[in-house]
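Chemist: I'd like to ask you about the structure that follows.
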Amino acid sequence: MRTLSKSNSDTLTVIVDLLIPKKGSLPSPSDINVVEHIDDTISDAPQLMRLFVEGLRDINDKDFLSLQEKEQIDLLQKYECSNSLFFAELIRHTYNGYYTNPIVVRAIGMTGHPPQPKGYNLEQGNNFKLLEKVRERGQIWRNP
Amino acid sequence: MDIENNKVDVLVIGAGASGAAFSWKLAKSGIKVMCLEQGDWLDPLTDYSTSNSDWEIHRQTDFNPNPNFRSMKVDYPINDTESPIAPLMYNAVGGSTIHWSAHFPRLKPSDFRVKTLDHVADDWPISYFELEPYFDLNDKMMGVAGIIGDPAYPPKSPRQTPPVGLGKLGDKITHGFDKLGWHWWPSDSAINTVDYDGRPGCNNCGPCDLGCSIKAKSSTDVTYWPKAIKLGARLVTNARVREITVDRYGKAKSAIYYDSDGNIQEQYASTIVLAANGIGTPRILLNSTSTKFPEGLANSSGLVGKNLMFHPYSIVTGIFDEDLEGHKGPTPLNIICSEFYETDHSRDFVRGYAYQVVRSSAPLATALSGHVPWGEKHHEAFKKRFNRTITFAVIGEDLPETHNKVTIDPNLSDSFGIPSPKIAYRLSDNSRKMLGHGVKTATQVMKAAGATEVTHDPLKREAGWHLMGTTKMGADPKDSVVNKYGQTHDVDNLFVIDGSIFVTAGAVNPTSTIQALALHVADHVISKSK
Ligand SMILES: Cc1cc2nc3c(=O)[nH]c(=O)nc-3n(C[C@H](O)[C@H](O)[C@H](O)COP(=O)(O)OP(=O)(O)OC[C@H]3O[C@@H](n4cnc5c(N)ncnc54)[C@H](O)[C@@H]3O)c2cc1C
Ligand code: SF4
C-alpha cells in the first residue's frame, strides 16, 4: 500500500466487500484489488487522501473489525448520513475499481475488452422500414 | 516589433467547430490565416482512454466535459454558482467537438423567424434557405450519416453515409413511436458509418464523448484542420488570448496572448475573428477594455455576454425487462423526435422541443447512476438497469433573456491570471412548462415501447453543452452586437463566428448551424478582401 496503514486497509477491505457482496461469478471487490485501486487513487490526490485516512480512522475508532456483519452494515448506514462526503467518495472509488475490472466486465455479460480497438457488431435493426409511415404522414416543418 | 512582418490577413481565435471551418474556407481562397488556440493537439490513438480498461473513469477526470472538474492547465474556471445548468466544453484543437456526441441536426426554417411566427424574441437577419448552401458544404466536409426525406425538414441533399444502426435498442424504441403515430427519424450524425473522406467507418464502440480513437467521429481536428493546414492555414497551439487591442481609430489591431512558456506575445492582424464559443468569446470581449471601449470591445449595445442560451434538458429513462445490448453502437443513438418541435397554441408554452434517444449507460455509469444501492441489493439493481435502459434527452428551446448572462468574475482567473467568466442563468416559466410537457410525452413513448418503469430528471445540471446568444446577431446596432455577416457593429474588422451570434436557440444541437454560419461569414470576409 502506498498510503493506507495496515489497519486502515484491513478495514477498507471489509467495507468494500460489504458495499459490493460477492455473488456467483461476480467477485468481491477485495478479490480483484479494489483496495489497492483506492490506495493508488488517493495517493495522487491529497484532499481525497485526507478524506479517506480520516474517515477510515473514525470507523476504526468504533472497533469496526470486531463487530458482527449486521452491526458493521448498521454502522456504515449511519456513516452514510453523518459523513456523506466521505461516503460518496468511498462508493465512487469502490465502484470505479470494481466496474472497470475486466473480470467483472466479463461477468456482467460484456466481452471484457475495452471499447477500442475492437468495437462491437451492431445489428442494423429492422425498423428503418417504419419510416415510410412517418413520411406518409406528410410535412411537419413550418414554412415561415 | 516589426508590425508589418508580424501581421496576418486574418487572425482567428479558437480552433473548435467554427474556427476550423472558417480557417479552412479562408485558406482555400488563398488568404493568409492564422489561428490561436489555447489548447493543444490530441493524438486520438494515444490520448483517448477507450482502449484501456479504466476508460470510464476518465469521464470523472481528464475527460470530464465540465472544465471546473477537469481543471487542466488549458482550461479556465467558470463561476457557475448562479446557474442550475453547468457549462461544458473542451479546450483543444477541435474544441468541444472532441467531446461531442456528433448529433448534427440543422436548425429548422421556423427557428429563424420566431418573432414573425410566434411574437417572441427576434427574427434572425438570415434565413434557413440563405444558409442552405453552407449547410450542404459543411455536411460534405464533416461527413454526415443519415437518411433524406425527413418530413420535419425541407428536402436535403443526399447524406454522405448511411444512418447509424438501430440495433435491438433502436428497434425497441421506434416501435413505441410507431404505435403512437409520432414523428421519429434517424437524426443526422457527424459520424462515418462507412469509410468516407480518408477516415474509417464507426466500429460501434460506444463512448463517443471520450473521443474517437479511430477518427470515425467528425471532430474538427480530423476533418477541417488537416485540410486547412495543407492549404496554408497556420495553427498556433497553447496560445491563450487575453485581449484584443484597438488602434486610435477604434479598429481591431492585435491579439495579446500567453504562449506555451507563459510569455506574453502580440499578434497583429488586418481582421480578427472570434471563435472561442458562447462563453469564451464574450469573456475576451469583456476583458478587452480601453478608453475607446470602457465596457468591453464591441459592446456599445451593452449586449456582449447577455442573452445566454443553453438548451435546458430533461432526462427521461425507461427500464425494459430484456437485454437491449445497449452498450453497442454510438451512445447517442441519434434518433430524433420532432413531433413537438413547432409551436402549438393549444399548449401553455410557445416554441417547442425535440427528444433524442440515448443508448444504455456503460457499466460504471450504470453503477453510479444513483439507482444502484450498495449492499445486499446491489447486484440485483445493477442487473435491472444494465443494458436495459433507454434514455431520452428532451431538449427545449430557451428564449433569449438579458438576465441570463456571462460577466467577468472579479475574483476568479485562470492559470495566467486572465479574469474568468461568471454565468447567471434562470430557467424561464416557458421553458419549465415546455420541459414538463416533454417529460409527459417522452414517458408515453417509453410506455408504448414496453418500459416497465420510467424515471426522470426534470432539469439536468451537467448539460450546458450548447453555448449561444452572447453576441447576438441583428440589423440594429442598438439591439445586437454583430450584423448578418458576423461583423461587429462597433468595430468593422472584428467578427464573431461561434454560437455567440445565435439570435434564438431552436431546439436542436447547434453545431451544424454554427459551422454553416462560419462558412457564410468566411465568404463575406473573402469577398471583402478581393
Ligand atoms: C460533451 C459535449 C457533447 C456535445 N454534443 C453535441 C452534439 O451532439 N451536437 C452538437 O451540435 N453539439 C454538441 N456539443 C456542442 C458542440 O461541441 C459545440 O456547439 C461546438 O463545438 C461549438 O463550436 P465553437 O466553435 O463555438 O466552440 P468550441 O468548439 O468550444 O471551440 C472554442 C475553442 O476556442 C478556444 N478558446 C477559448 N478561449 C480562448 C482564448 N482565450 N484563447 C485561445 N483559445 C481560446 C477553446 O480552447 C476551444 O478550442 C457538445 C458539447 C459537449 C461539451
Ligand atoms: S461509437 Fe463509433 S464514432 Fe463513436 S467513438 Fe466509437 S467508433 Fe467512434
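The values are calculated or read from the model by the stated rules, or taken from the named source; none is laboratory data. The structure displayed is predicted, hence computed values, not measured ones. In this analysis, Cβ positions are derived from the backbone assuming ideal geometry, glycine residues included, and neighbour counts consider all displayed protein chains. Side chains included, ligands, DNA and RNA excluded: accessible areas come from the protein's heavy atoms. Shrake-Rupley method; radii C 1.70, N 1.55, O 1.52, S 1.80 Å.
Chemist: What pairs come out if I take residues in the range B:49-70 that are within 18 Å of B:A92 (Cβ to Cβ) and pair them with residues that are modelled with pLDDT of 95 or more and β-branched (V, I, T) whose C-beta lies under 7 Å away, six or more apart or interchain?
Modeler: Close Cβ pairs satisfying both conditions: B:P67/B:I78; B:N68/B:I78.
Chemist: Got at least one residue in the range A:115-133 being surrounded by 14 or more Cβ atoms within 10 Å (Cβ to Cβ) and among the acidic types (D, E)?
Modeler: So far as the range A:115-133 goes, yes, one or more of its residues are surrounded by 14 or more Cβ atoms within 10 Å (Cβ to Cβ) and among the acidic types (D, E).
Chemist: May I pose another question? Taking the stated definitions as given, is B:I229 on the phi < 0 side of the Ramachandran plot, within 14 Å of chain A (Cβ to nearest Cβ) and either within 16 Å of ligand 1 (Cβ to nearest atom) or in contact (Cβ under 8 Å) with a residue 60 or more places away in the chain (or both)?
Modeler: Judged against the criteria, B:I229 is not a match.
Listed here are the residues, each with its yes/no results for (1) crowded, with 19+ Cβ neighbours inside 10 Å; (2) within 16 Å of ligand 2 (Cβ to nearest atom).
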| position | (1), (2) |
| --- | --- |
| B:S413 | no, no |
| B:N430 | no, no |
| B:T443 | no, no |
| B:K447 | no, no |
| B:E453 | no, no |
| B:T511 | yes, yes |
| B:L517 | yes, no |
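Chemist: Among the numbered criteria (1) part of a loop (DSSP other than H, G, I, E, B); (2) surrounded by 15 or more Cβ atoms within 10 Å (Cβ to Cβ); (3) within 14 Å of chain A (Cβ to nearest Cβ), which single criterion is violated by B:G39?
Modeler: Evaluating B:G39 over (1) part of a loop (DSSP other than H, G, I, E, B); (2) surrounded by 15 or more Cβ atoms within 10 Å (Cβ to Cβ); (3) within 14 Å of chain A (Cβ to nearest Cβ) leaves (3) as the failure.
Chemist: Those residues that are closer than 23 Å to B:T237 by Cβ, assigned to a helix (DSSP H, G or I) and open to solvent by 10 Å² or more (accessible area, probe 1.4 Å), I need them from the range B:89-131; list them, please.
Modeler: Listed by number, the list holds a single entry, B:S96.
Chemist: Pairs, please: C-beta under 9 Å, at least 6 apart or cross-chain, first residue within 19 Å of B:S18 (Cα to Cα) and in the range B:208-221, second within 6 Å of ligand 2 (Cβ to nearest atom) and open to solvent by less than 10 Å² (accessible area, probe 1.4 Å)?
Modeler: Correct list of pairs: B:G211/B:K217; B:K217/B:I191; B:K217/B:P330; B:S218/B:I191.
Chemist: Here's something else I'd like to know. Do you know which of the residues in the range A:92-114 that are of a type in the set (F, W, Y) and facing another protein chain (nearest Cβ under 7 Å) is surrounded by the fewest Cβ atoms within 10 Å (Cβ to Cβ)?
Modeler: A:Y99
Chemist: Checking the conditions here, which among B:S338, B:S369, B:S360, B:S314 is open to solvent by 30 Å² or more (accessible area, probe 1.4 Å) and either of a type outside the set (D, E, K, R) or more than 13 Å from chain A (Cβ to nearest Cβ) (or both)?
Modeler: Answer to the selection: B:S369.
Chemist: Does the range A:67-90 contain at least one residue that is within 11 Å of chain B (Cβ to nearest Cβ), in contact with a strand residue (DSSP E or B) (Cβ under 8 Å, 6 or more places away or on another chain) and part of a helix (DSSP H, G or I)?
Modeler: no
Yes/no per residue for (1) acidic (D, E); (2) modelled with pLDDT under 95; (3) not in a loop (DSSP other than H, G, I, E, B):
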site: B:S314; (1), (2), (3): no, no, yes
site: B:D323; (1), (2), (3): yes, no, no
site: B:N334; (1), (2), (3): no, yes, yes
site: B:H345; (1), (2), (3): no, yes, no
site: B:W374; (1), (2), (3): no, no, no
site: B:T402; (1), (2), (3): no, no, no
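Chemist: Going by the conditions given, is B:Y128 in contact (Cβ under 8 Å) with a residue 12 or more places away in the chain, within 14 Å of chain A (Cβ to nearest Cβ) and within 19 Å of the chain's Cα centre (by Cα)?
Modeler: Here the answer is yes, as B:Y128 does meet what is asked.
Chemist: Could you tell me whether the range B:17-36 includes any residue that is open to solvent by 10 Å² or more (accessible area, probe 1.4 Å), within 18 Å of the chain's Cα centre (by Cα) and under 30 Å from B:D409 (Cβ atoms)?
Modeler: yes
Chemist: Write out, first by first residue and then by second, each pair whose Cβ atoms fall under 9 Å of each other, whose residues are 6+ apart or on separate chains, and whose first residue, in the range B:477-497, is more than 15 Å from B:Y249 (Cα to Cα) while the second is of a type in the set (G, A, S) and surrounded by fewer than 20 Cβ atoms within 10 Å (Cβ to Cβ).
Modeler: Close Cβ pairs (under 9 Å, with a partner that is of a type in the set (G, A, S) and surrounded by fewer than 20 Cβ atoms within 10 Å (Cβ to Cβ)) amount to B:P477/B:S300; B:K478/B:S300; B:V481/B:S300; B:N483/B:A475; B:K484/B:A475.
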